[in-house]
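The values are calculated or read from the model by the stated rules, or taken from the named source; none is laboratory data. This structure is a prediction, so every number in the text was calculated from the model and none was measured. Here Cβ is always computed from backbone atoms with ideal geometry, including for glycine, and neighbour counts include all displayed protein chains. Protein only, heavy atoms only, side chains kept; ligands, DNA and RNA dropped before computing areas. Shrake-Rupley method; radii C 1.70, N 1.55, O 1.52, S 1.80 Å.
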Amino acid sequence: DSSDGMVADDYYKRGLAINQTLSRERLALARRYRAHVSFSADARRVRVLLSGDGELPAAMQLQLAHPTRAGMDERVALHALAPGWFEAQLAAPVRGRRLIVLEDAARSWRLSAETDNPAGNAVLLPAAER
């Protein structure tokens with residue numbers, strides 16, 4: 001006559017998604033990918049310098065996730081300026097805490113880091129082992 005306490009009925013699918021995310025981060029680690037992500041002073045433009053072993057991707061995506069408000073999340077396609085250099089215009093200025101996720105277009109690997117105030121600052125996304 002009581003609840004079994006299960007928090008999510010799709011726990012198996014969530015577990016698989018976590019494992020997939022971890023494998024994508026391990027692939028970035030294996031390729032020694034590092035990204036220097038810088039934001040303009042008005043927080044409306046982002047630039048990414050990617051380095052690593054082997055061939056660098058020609059296209060990438062950047063996600064800026066708000067910790068509590070999904071409606072404030074933004075995903076942008078980064079435009080290549082030169083090999084390893086990417087840039088994008090953001091729809092709105094980025095203010096406050098964000099999770100930054102950088103992925104190749106095929107979503108085979110990813111780098112991520114958190115930042116408190118991206119405007120005018122740079123964030124290093126190392127492929128750190130977790």
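Could you list, in sequence order, the residues of region 35-57 that are in contact with a Pro (Cβ under 8 Å, 6 or more places away or on another chain), farther than 18 Å from A113 by Cα and either open to solvent by 60 Å² or more (accessible area, probe 1.4 Å) or in contact (Cβ under 8 Å) with a residue 60 or more places away in the chain (or both)? Answer for region 35-57, where residues must be in contact with a Pro (Cβ under 8 Å, 6 or more places away or on another chain), farther than 18 Å from A113 by Cα and either open to solvent by 60 Å² or more (accessible area, probe 1.4 Å) or in contact (Cβ under 8 Å) with a residue 60 or more places away in the chain (or both): D42, R44. Scanning region 80-90 for residues that are open to solvent by 30 Å² or more (accessible area, probe 1.4 Å) and either farther than 15 Å from H36 by Cα or not in a strand (DSSP E or B) (or both) yields a count of 2. For region 21-56, give me the residue count where each residue is under 17 Å from W109 (Cα atoms), hydroxyl-bearing (S, T, Y) and at pLDDT 90 or above. Number satisfying all stated conditions: 2. List every residue pair whose Cβ atoms sit under 8 Å apart, with the two residues 6 or more apart in sequence or on different chains, where the first one lies in region 64-84 and is under 18 Å from E114 (Cα atoms) and the second, anywhere, is assigned to a strand (DSSP E or B) and small (G, A, S). As it stands, the answer is D73/A65; V76/A88, since those pairs meet every condition given.
In region 108-128, the qualifying residues are those that are out of contact with any strand residue (DSSP E or B) (no Cβ under 8 Å at 6 or more places or on another chain) and not hydrophobic (A, V, I, L, M, F, W, C), and the one that is most open to solvent (accessible area, probe 1.4 Å) is D116.
Hey, E87 hits all of (1) modelled with pLDDT of 95 or more; (2) farther than 25 Å from P118 by Cα but one; which does it fall short on? Against the list (1) modelled with pLDDT of 95 or more; (2) farther than 25 Å from P118 by Cα, E87 comes up short only on (2).
For region 91-116, the tally of residues that are among the charged types (D, E, K, R) and not in a strand (DSSP E or B) stands at 4.
Take region 90-113 and flag every residue that is modelled with pLDDT of 90 or more, touching a Leu at 6+ places or on another chain (Cβ under 8 Å) and not charged (D, E, K, R). Result: L90, L99, I100, V101, L102, S108, W109, L111, S112, A113.
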